[in-house]
1. Which of the residues belonging to segment 332-357 are within 24 Å of GLU110 (Cβ to Cβ) and either within 15 Å of the ligand (Cβ to nearest atom) or hydrophobic (A, V, I, L, M, F, W, C) (or both)?
2. What's the number of the only condition in (1) hydrophobic (A, V, I, L, M, F, W, C); (2) under 26 Å from LEU77 (Cβ atoms); (3) more than 16 Å from the ligand (Cβ to nearest atom); (4) in the same structural domain as THR109 (by TED's automatic domain parsing) that VAL424 fails to meet?
3. Quick check on this structure: which one of MET108, MET104 is surrounded by 18 or more Cβ atoms within 10 Å (Cβ to Cβ), among the hydrophobic types (A, V, I, L, M, F, W, C), in a strand (DSSP E or B) and within 16 Å of the ligand (Cβ to nearest atom)?
4. Quick check on THR158: is it farther than 19 Å from ASP420 by Cα and either crowded, with 24+ Cβ neighbours inside 10 Å or within 16 Å of the ligand (Cβ to nearest atom) (or both)?
5. Name the residue that is farthest from VAL271 (Cα to Cα), counting only residues in segment 136-151 that are within 16 Å of the ligand (Cβ to nearest atom) and in a strand (DSSP E or B).
6. Does any residue of segment 323-341 turn out to be farther than 30 Å from ARG119 by Cβ and either modelled with pLDDT of 95 or more or not assigned by TED's automatic domain parsing to the domain that holds ALA137 (or both)?
7. For residues in segment 432-454 being over 24 Å from ALA41 (Cα atoms) and in contact (Cβ under 8 Å) with a residue 40 or more places away in the chain, which is farthest from the chain's Cα centre (by Cα)?
Amino acid sequence: MTTPRPNGDSVARLAACFAAGAIVAACGAGTPSVTRAPYRADSGSLAVHCGTLIDGSTDEPRHDVTVVIRDGRIVALAPGRSPQQDLRRLELDGYTCLPGLIDMHTHMTELPQDEADLRVFYTRTRDEAQAIGVANAGATLSAGFTTVRDVGTYIAWTDRILRDSIDRGDVAGPRMQIAGFYLTIPGGGGDLLVPGVPESAIPARVRVGVTRGPAEFAKRAQLAVDGGAGLVKVIASGAVLAYGGVPDANEMTREEIAAAVAVAHAAHLPVAAHAHGAQAIKDAILAGVDTVEHASYIDAEGIALAKARGVALTMDVYNGDYTDTEGRRQHWPEEFLRKNFESTEAQRQRFTAAHAAGVALIFGTDASVYPDGLNARQFPIMVQRGMTPMEAIKSATSLAAHFLGWEDRVGRLAPGLYGDLIAVQGDPLADIGRLQDVAVVIKGGLPFKLPALP
Ligand SMILES: [Zn+2]
């Protein structure tokens, strides 16, 4: 990135810029250009004039506002065009600006086609996983997701390698909160047992979090904390996309989950629990987890418990469509397709019930079960199933940031937070599908995607 230069003729150029009435015009002290790696993360300074602005926390959009970003952070939301003569400018009349979106359930270093034969993880190297992660990170950022939570990787710590390379500015991608590996029982939803493969043939690096008993799970949680995880992930029920798992059956016990929660919370880290089944969801909540992933078969008691305890549900209501079509075409195991078919509509109905009851629902998609970058396909389903468009936007901005523990960094367009901003043409409150076509992506004040200049 070039640093902004003092520019004596910027006033004249601004006037010319406004007079031209351009829908998109780069004015001020130089033309913004798309950031390429390597770059200095969170170093950007930019003034973005938004025709309409949704700040991620208040219900009413604002019009004709300039977001001023200096050294990676938002310093002001100023009415009108508010010329900042020393800054490069981006004119976005006709666009709606929003905070960078947040996906709370991703697996950035993996691929959908891995589901066709999970044995690929036995031989994949960390370098190969990183190459997958780099491509996924670019696609995710380009789709407008400037922050993700990565809730587990089969090959331990490939998520940390990717996170750190993005933070260093070596790779273009979203901010990542990572789990490192899954805490799961032998043969559980986070284990990689495959029928016909002896356990002795499975490499240890894909079973780092596989154990039994509260004391052992506490040790594995500590391993995650000490290794630099930003959250701890536990597998409380069977999984859809794993051999032999029964989604409606418990796996880790309440005591085992509680042991992991105690370690994570002592380190001020949140805990996310994979749980499809009604009893596993309640056990996980009573064990003290912060978010429940999937929640496909949550019952009325579980909904009431989640609400009373302030636990959020991450209901990945889009990806079942992908699995049922593309997964079928790719010959994913019949067992996976059956469990997906059984749980997809059930989960969507419970999403409606949980929303009606006022439970916190955060945007999470299980990206990498479907191709990364298609994350926003989930928004229209959330709206069809009961949310207002503004609720769906908050679930992927301020509400998600709350459950990351990153409210002071991301999720809103407000002074002090990172300059993470996206823009779409038109009004996403009238058509939430607009979020599937993000034209502008700025992260830490650096443009990573810009519309074509007229
Ligand atoms: Zn997942």
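1. TRP332, PHE336, LEU337, LYS339, ASN340, PHE341, SER343, THR344, GLN347
2. Only one criterion is unmet by VAL424, namely (4).
3. One residue alone meets the criteria, MET104.
4. Taking the combined requirement at face value, the residue satisfies it.
5. PHE145
6. For segment 323-341, residues farther than 30 Å from ARG119 by Cβ and either modelled with pLDDT of 95 or more or not assigned by TED's automatic domain parsing to the domain that holds ALA137 (or both): absent.
7. Among them, the one singled out is PRO454.
Here is a yes/no grid of residues against (1) surrounded by fewer than 21 Cβ atoms within 10 Å (Cβ to Cβ); (2) more than 15 Å from the ligand (Cβ to nearest atom):
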site: GLU128; (1), (2): yes, yes
site: THR153; (1), (2): no, no
site: LEU162; (1), (2): no, yes
site: ARG175; (1), (2): no, yes
site: PRO186; (1), (2): yes, yes
site: VAL194; (1), (2): yes, yes
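The values are calculated or read from the model by the stated rules, or taken from the named source; none is laboratory data. Every value quoted in this text rests on a predicted model; they were computed, and no experiment measured them. Every residue, glycine as well, gets a Cβ built from its backbone with ideal geometry; the counts of neighbours run over all protein chains shown.
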